[in-house]
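Have a look at the structure below before the remarks.
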Amino acid sequence: MTRPLKLLVLGGTRFLGRHLVDEALRRGHAVTLLHRGLSGPGLFAGAEHRIADRNGDLAAALHGGPWDVAIDTSAYVPRHVASLAAALAGRVGRYQLVSTVSVYAEDAPAPLAEDSPRARLAGPATEAVTGETYGALKALCEDAAGQAFGAGRCLIVRPGLIVGPHDPTGRFSWWVRRFLRAAAVGGEVLAPGDPDAPVQFIDARDLAAWMLDQAEAGGHGTFNLAGPVGGTTMGALLETARAQLSPAARLTWLSEAALLEAGVSPWTDLPLWLPAAQAALHRTAIGRAVAAGLATRPLAETLRDTAAWLATLPGDEAVMPATPPGGPPRPQPGLPAATELALLAAWNRR
Ligand SMILES: NC(=O)c1ccc[n+]([C@@H]2O[C@H](COP(=O)([O-])OP(=O)(O)OC[C@H]3O[C@@H](n4cnc5c(N)ncnc54)[C@H](OP(=O)(O)O)[C@@H]3O)[C@@H](O)[C@H]2O)c1
């Protein structure tokens with residue numbers, strides 16, 4: 001290993017950040033976390049915790065340092081980046097910002113590369129993070145990072161869908177839950193659209209390892225982070241899930257047209273599924289990250305580990321993800337069982 005680093009993690013107790021801190025401690029780095037103390041209580045006794053809300057002034061909480069790298073998983077509006085930089089007042093070497101592939105403009109053509117056009121806020125400046133503003137606000141966070149820390153000291157990380165144990169969003173894990181239910185009660189699983197359609201996602205642990213490699217190597221620049229390296233398809237994803245979690249289940253593929261006609265919402269009702277016309281998010285160019293060492297674990301491992309994590313949750317959370325603390329309740333992704341049954345029955349009657 002390189003010399004141990006002093007890392008400051010803005011966040012670090014929920015999902016991606018949790019894996020980052022876990023791996024950083026495993027690698028022997030010294031970690032300071034800043035968070036509100038709401039998520040993951042009791043985690044990481046081996047790290048230093050600073051309790052603060054980054055919507056307020058961080059100067060008091062961020063005394064001391066200096067830190068080699070600040071890793072920011074929890075900036076959603078540019079003010080978060082600017083106020084962090086002001087509070088640190090130069091007491092950090094480099095800055096990693098977790099942005100998103102949602103920064104790309106809705107009409108940006110696939111494949112999405114790091115220089116593809118980014119979204120802009122439609123109206124006047126807002127700090128309301130919604131499905132419509134999230135990407136454009138992250139783009140402004142990226143700009144604020146460059147201004148506050150200097151482009152040569154910033155690593156801008158644009159992940160696609162992040163998956164794996166501790167995922168609070170219930171999207172990829174909805175499929176894991178769905179196959180676990182099929183293993184328990186048997187039967188047919190609705191599979192959406194074209195089995196040959198590409199799908200992309202990245203295991204949070206692979207992303208965390210890559211970011212820490214970059215922290216150790218002094219990496220900077222802007223990178224899309226998605227996987228698996230080498231690519232996969234919806235068919236391969238669902239077949240692997242079936243084989244790993246519910247070998248007796250049967251997949252029934254419903255056409256994109258039938259699903260859209262029945263009013264099924266892409267991405268939310270059937271997570272990861274996007275109609276061909278909207279599928280740019282599954283066509284993100286990741287060559288730059290791969291050239292910088294990105295490696296992704298086998299899909300079967302991500303599926304098995306996600307299932308093992310779900311098995312540790314209390315009953316209701318194992319069936320449906322809990323809303324993260326401090327945020328508004330959010331709609332749960334995934335088709336209700338009765339709707340799926342009705343869709344399958346209608347398809348099979350054709
Ligand atoms: N999930 C995806 O598929 C996906 C895809 C692309 C990009 N991203 C990006 O990935 C990042 C990772 O998010 P994560 O939730 O996995 O990170 P995380 O670091 O594991 O969890 C979020 C952390 O932020 C802290 N936090 C939240 N609000 C805060 C506030 N106002 N002040 C201080 N601390 C606060 C939380 O602790 P407390 O609650 O205790 O404060 C928690 O420690 C996000 O920036 C997201 O935009 C996610």
For this session: State yes or no: is D107 surrounded by fewer than 23 Cβ atoms within 10 Å (Cβ to Cβ) and either at pLDDT below 95 or among the charged types (D, E, K, R) (or both)?
Result: yes
For this session: Only residues in the stretch 217-234 that are of a type in the set (F, W, Y) count as the first member; pair them with residues that are in a helix (DSSP H, G or I), Cβ under 7 angstrom, at least 6 apart or cross-chain, and list the lot.
Result: F223/R288; F223/A289
Exercise. Do we have A280 as outside the structural domain of A191 (by TED's automatic domain parsing) and either within 16 Å of the ligand (Cβ to nearest atom) or not basic (K, R) (or both) here?
Worked result: yes
Exercise. Could you list, in sequence order, the residues of the stretch 137-150 that are small (G, A, S) and either crowded, with 19+ Cβ neighbours inside 10 Å or touching a helix residue (DSSP H, G or I) at 6+ places or on another chain (Cβ under 6 Å) (or both)?
Worked result: A139, A144, A145, A148
Seminar exercise, completed: In the stretch 283-300, residues that are in contact with a helix residue (DSSP H, G or I) (Cβ under 9 Å, 6 or more places away or on another chain) and either modelled with pLDDT under 95 or part of a helix (DSSP H, G or I) (or both) total 3
Seminar exercise, completed: Per the list (1) away from the ligand (no atom under 12 Å from the Cβ); (2) of a type in the set (S, T, N, Q); (3) more than 19 Å from T222 (Cβ to Cβ); (4) assigned to a loop (DSSP other than H, G, I, E, B), residue check on T32 breaks on (4)
Problem set entry | Extreme residue, surrounded by the fewest Cβ atoms within 10 Å (Cβ to Cβ), among residues of the stretch 60-83 that are in a loop (DSSP other than H, G, I, E, B) and within 14 Å of the ligand (Cβ to nearest atom) | A60
Problem set entry | Test result for A45, more than 12 Å from the ligand (Cβ to nearest atom), over 24 Å from the mean Cα position of the chain (by Cα) and farther than 18 Å from G93 by Cβ | yes
For this session: Name every residue in the stretch 84-120 that is more than 14 Å from the ligand (Cβ to nearest atom) and in contact with a Ser or Thr (Cβ under 6 Å, 6 or more places away or on another chain), in order of residue number.
Result: A108, E114
For this session: List every residue pair whose Cβ atoms lie under 7 Å apart, where the two residues are 6 or more positions apart in sequence or sit on different chains, the first residue falls within the stretch 26-37 and is assigned by TED's automatic domain parsing to the domain that holds R50 and surrounded by fewer than 22 Cβ atoms within 10 Å (Cβ to Cβ), and the second residue, located anywhere, is among the charged types (D, E, K, R) and part of a strand (DSSP E or B).
Result: A30/K6; T32/E48; T32/R50
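The values are calculated or read from the model by the stated rules, or taken from the named source; none is laboratory data. Just so it is clear, the model here is predicted, and its values are computed rather than measured. Methodologically, a virtual Cβ is constructed for each residue, glycine included, from the backbone with ideal geometry; neighbour enumeration extends over all protein chains shown.
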